Every structure is written in structure tokens, then in C-alpha cells.
């Protein structure tokens, strides 16, 4: 099963990244095979044909393995811009997953070397604040629409930071309102106990005043599940 089937909204790298990975793995193999083939001319003529055939078959096998590995690596490499974080997942045998909250992303850049320029690709570099188990800089190769992707990430970062800002501005007001509600409930309860108001005993028993901290915890928990755009 491909990893991308386990990641909702998963995106694939540009397919030309397979060419880059294959070239990186075989750039030294091809000259080595040619060199070995050339050495066969120094062998006795009765052995040349057998050795050359062996080198030719071995060379095909050696050059095919990186091609298969590049294809598998491509199929297993996905990324996704989710609601609250940026996900990168890769690995043929061992699955490696990076989950980066947008508010932890400090900088996003795109770099290109000569091979990237020739293939029309770029590498996305994401610099993050210190996170447990995650490197400070994570690279995403094989990106062709880098400008669009960077814009999407920056928009997600801004939304996440605006959401945090709204929450920080709202919390003091919410605390004040809760304190006011608790005080009013306490006054009602005291007036009922003092006999200034006539209320059925079942009503008295039903009045429960939770501590402010408990109220804040419940409201804050609900608040975190509200999308940032709806809080404004």
C-alpha cells in the first residue's frame, strides 16, 4: 500500500525528481563499468568475450537497481498542507514522517542547483523553531510549482498566527466574563440561603458553582476547535 493512501490531501513530488535521484546514484557507476570493460582488452583473447559479457550483464543489473529504487522512493514520498500543520512523509522500508505546526515555521526558501535548473525543479527549505524529534531545517525536493506552494504555506502560517493572536486577545475578556458570571451565581446562592428569595429546594440543589479555572478550561477547550477565520 502506498503511503499517500494513508495521508488525506496528499501531494506528490514532480515526477522529474526520479531522474535526479537516478543520476545521483549512477553518476559514478557508469564510468566504473566502462573502465572495467576497457580492462578486458588486456586479457587473453580467449577470455575477453566471456568477461565482457559478464560485465555487460552485471552492468545492466547494477544500473537497474537504482532505477527501481528511485521509482519506489518517488511513490512513497508525499507531503500535505493540512489545516494546522505541514506534513512530509517518506521512506520505502522505514517510514519517516515530519509534522510541522504552521506557527513553528520561521522561514521558507527555495534553492536550486544545476541539475534542478536543467529539470525545472526546486528544493523547498523549511526552517522551524526547535521541536522535539524534528530537525531545525527540513527540505522538500522535486517541487516544480514552488512559488504557488510557498504562497500557500505563508497563508497557512499567517492564519495560524492570527488565530493565536485572536485567542490571546479574547482570553482576558472571557476570564472577566466568567468571573462576573460566577459572582452573580454566588450572590444568587447566598440570597437563596438567606431566605430573601423563595425557591424550591430542588432548584437550590441544582445550583452548582464550579471554580473559575474549571470553567476556563472547558471554554478554552471548545475555543481551540473553532477555526481561526470564524473567531474574528
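Please treat every number below as a calculation from the coordinates, not as lab data. This is a predicted model, so every value here is computed, not measured. Glycine also receives a Cβ, built like all others from the backbone with ideal geometry; neighbour counts cover every protein chain displayed.
Couple of notes before you dig in:
- Structural descriptor for the range 1-142: relative contact order 24 percent, calculated from alpha carbon pairs under 8 angstrom and at least 6 residues apart.
- Using only the C-alpha atoms, the convex hull of the range 11-92 corresponds to 77 Å³ per residue.
- Least to most buried among 192, 30 (fewest other Cβ within 10 Å first): 30, 192
- Unit Cα scatterers, Debye sum, the range 3-144: log10 I(q)/I(0) for q = 0.10, 0.12, 0.14 Å⁻¹: -0.49, -0.63, -0.76
- At 0.692 mPa s and 37 °C, Stokes diffusion of the range 54-107 via Kirkwood alpha-carbon radius, µm² per second: 242 µm²/s
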